[in-house]
1. Return the residue satisfying two criteria in turn: it lies in region 158-191 and is under 21 Å from the mean Cα position of the chain (by Cα), under 16 Å from D145 (Cα atoms) and of a type outside the set (G, A, S), and of such residues it is modelled with the lowest pLDDT.
2. Please give the number of the condition Q336 fails out of (1) within 25 Å of G264 (Cα to Cα); (2) not in a loop (DSSP other than H, G, I, E, B).
3. Scan region 267-289 and tell me whether some residue there is at pLDDT 95 or above, over 27 Å from R310 (Cβ atoms) and out of contact with any Phe, Trp or Tyr (no Cβ under 9 Å at 6 or more places or on another chain).
4. Where in region 202-305 are there helices (runs of 4 or more DSSP H), lying wholly inside it, with at least 1 residues that are among the basic types (K, R) and open to solvent by 10 Å² or more (accessible area, probe 1.4 Å)?
5. At least 2 residues that are aliphatic (A, V, I, L, M) and at pLDDT 90 or above in each: list the strands (runs of 3 or more DSSP E) lying fully within region 47-149 that qualify.
6. Residues that are over 30 Å from F110 (Cβ atoms) and either touching a helix residue (DSSP H, G or I) at 6+ places or on another chain (Cβ under 7 Å) or open to solvent by 10 Å² or more (accessible area, probe 1.4 Å) (or both): does region 185-197 have at least one?
7. Is it fair to say I322 is buried (at least 16 other Cβ atoms within 10 Å of the Cβ), in contact with an Asp or Glu (Cβ under 9 Å, 6 or more places away or on another chain) and either over 28 Å from Q58 (Cβ atoms) or hydrophobic (A, V, I, L, M, F, W, C) (or both)?
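The values are calculated or read from the model by the stated rules, or taken from the named source; none is laboratory data. Bear in mind the structure is a predicted one, so any value in this text is a computation, not a measurement. Cβ coordinates were reconstructed from backbone atoms using ideal geometry, including for glycine residues, and neighbour counts include every protein chain displayed. Just the protein is used for accessible areas: all its heavy atoms, side chains included, with ligands, DNA and RNA removed. Shrake-Rupley method; radii C 1.70, N 1.55, O 1.52, S 1.80 Å.
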Amino acid sequence: MNIFSQSFWRACMRILRCAPLLLLFACVHTPEISVTIEVHAPETADSSTLYIAGNNNQMGDWQADIVQLENVGNHNWQSTFHYEAGTILEYKITRGSWDMEATNQDGSPFQNTVLKVETDTTVQSDVHYWKHGKAIEIQGQITGDVRFHKDFSAPALLPRDIVVWLPPNYSQNPDRRYPVLYMQDGQNIFDPKTASYQVDWQIDESADSLIRAVVIEPIIIVGINNTVQRTAEYTLTSTGSAYRTFVIETVKAFVDATYRTKPGREYTAVGGSSYGGTVAFMLAWENPHIFSKSLCMSPAFKTKGVNIVRHVRKDKGPKPDILFYLDNGGVGLEEQLQPGIDLMMSTLEKKGYQLGDDYFWVLDQDARHFESAWAKRIPNALKLLYGVEGE
């Protein structure tokens, strides 16, 4: 056999030895799927600029003026995106702001379009109506005694306001002190006028009714407003670490010094939804000497780029003495969050937590990832965390 033949056969053998690895790579590699969004707006001029705003980075993370659709003529706009199979998309169409989003004939905004990515597909939408370009006048709808505090700041964080809701008869009982629930996304929980989509959690109405009916004990609720750094603040980043310190050392310290609170851990809870539920979990997990309860609605425990389940699994310390409330819906993004919640519950049980004793779990199969769904579930959550014995 000549030198050329020997080299040829050695090369063939190397390929054969690598074949199983190449086959394995081919098996585990998940090809991306193309999703084309087409919008037909016959009453809208081709010179107009249309945007898509959705629940992922490619679609601008719900920013109304980031991801522009391409005009292809004859009142049609489109764009193509690429996702892994199983990704769940939610999105809306705008003309650059939420004051100019697509609407129904009566002026009401479209529901989110929801799509589970399974194969290359094209989604077509017809848009005939838009909001008229100025904000709809939303009336404030706050129940109870609410105090506003401006421009709280800390190193590495943007300033934000906090809102403090006081229980019925707070002023009439000057010697009484109260437990405190610290909530994320504060502008969304009390007032539809300040809420991101003009729909609030109605936590003030729910708490007021439950306290007056002696179903739950009286509590103070603190809403901590979010900022444009919300994702970084609510996840395991350096900004997130700074935010968690801010909640304890700045916000809680101020509230305890200003209001008649019960500052001990057994009277202090933290809550939120989506990534707000994620940071609520982490605040309690890392600081059981500060918090004894954590309310986590539709929490994003394990998503692309975020995995706090791994963080909890790696924690070899003693089981933190925390009561967790977890819940989720079953539609759209909620379906995508469910595997992470399942993993977290399994992890908690391996660490000694028991369903019904150390944590609660509620599934609302028909609910979407939205403020109205959290408003529907908040009364039951408050009863589980603050229920009066005998109720």
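1. Applying the filter and picking the extreme gives D191.
2. (1)
3. No: zero hits.
4. Details: elements: 203-212, 230-233, 238-246, 253-258, 275-286.
Ranges flagged: 203-212, 230-233, 238-246.
5. 51-54
6. No: zero hits.
7. yes
Conditions tested, residue by residue: (1) in contact with a strand residue (DSSP E or B) (Cβ under 6 Å, 6 or more places away or on another chain); (2) surrounded by 15 or more Cβ atoms within 10 Å (Cβ to Cβ); (3) free of Cβ contacts under 8 Å to residues at least 40 places away in the same chain.
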position: V39; (1), (2), (3): yes, yes, no
position: A45; (1), (2), (3): no, no, yes
position: I52; (1), (2), (3): yes, yes, no
position: G60; (1), (2), (3): yes, yes, yes
position: A64; (1), (2), (3): yes, yes, yes
position: L69; (1), (2), (3): yes, yes, yes
position: N74; (1), (2), (3): no, no, yes
position: L89; (1), (2), (3): yes, yes, no
